[in-house]
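K.L.:
Once you've had a glance at the structure underneath, I'll fire off some questions.
Derivation of every value follows stated rules applied to the coordinates shown; laboratory data play no part. Being a predicted model, the structure only gives us computed values, none of them experimental. Reconstructed Cβ throughout: ideal geometry from the backbone, glycine too, with neighbour counts over all protein chains shown.
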Amino acid sequence: MKELQFSIEISAPKERVWATLWDDVTFRDWANFIDEGTYMLGVLKEGNEIQFVSSVNGYGVTDLIEELRPNAFISFRHRADTIESGQQKRQKEWTGGKESYTLTEKDGVTVLTVKSDIPQELEGTFRVNFPRALARIKALAEKAQ
């Protein structure tokens, strides 16, 4: 796996950006740019497992929330790759990888930085799709003003 990092400035307070990231409706909107039909199952709480699943193909990952500081930082550890809407395990393409979201705010502008371990064969796709997802997060958070 290779760690990729993406960052974007958003003209909105970090609380609004955080809500845009993790509210079910807005999460489905921006995550669709990364993997079509992606939704989240579970409760965002440190130590909890959460699943990210595609409603289109049933593929996903089960993650452990390693660290959570609301409106500031969340870190996931990919524990299992899944199929059939998270019901069965599959090849370990993502297992063991990490993903984190960091929000820092200054003068009403929030910088969102995402670090994600990506399987090497998907690096090109993520270099294109993740910036699109961040642009969508920016649009959604700034529109909510």
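K.L.:
Tell me the mean residue ellipticity at 222 nm calculated for the chain from its helices only (DSSP H runs of n ≥ 4, each -39500 (n - 2.57), averaged over every residue, nearest 500). It would help to have the intermediate numbers written out before the result.
P.N.:
Values: 3 runs with 38 residues, N = 145.
Calculated from helices alone, the mean residue ellipticity at 222 nm is -8500 deg cm²/dmol.
K.L.:
Could you tell me the relative contact order of the chain? Use alpha-carbon pairs under 8 Å, at least six residues apart, and round to a whole percent.
P.N.:
Working: 327 pairs, mean separation 45.0, N = 145.
RCO, the chain: 31 percent.
K.L.:
Quick one: length gained pulling residue 25 to residue 117 fully straight, 0.36 nm per residue minus the C-alpha distance?
P.N.:
Using 0.36 nm per residue and subtracting the Cα-Cα distance, I get 30.6 nm.
K.L.:
Oh, and also: What residue among 141, 22, 34 has its Cα farthest toward the positive end of the dipole of the chain, where the charges are +1 on Lys, Arg and -1 on Asp, Glu, each on the Cβ?
P.N.:
After comparing all options, I get 141.
K.L.:
Let me ask something else. Might you report the magnitude of the Cβ-based charge dipole of the chain about its Cα centre, with Lys and Arg at +1 and Asp and Glu at -1, to the nearest 20 debye?
P.N.:
It works out to roughly 120 debye.
K.L.:
Take the alpha carbon atoms of region 2-143, find their radius of gyration, then divide it by 2.2 N^0.38 Å using N residues; give the quotient.
P.N.:
0.99
K.L.:
Sticking with this structure for a sec: Mind checking which aspartates and glutamates have their Cα closer than 17 Å to the Cα of residue 14? Skip sequence neighbours fewer than 8 apart in that chain.
P.N.:
Filter leaves 23, 105, 107, 142.
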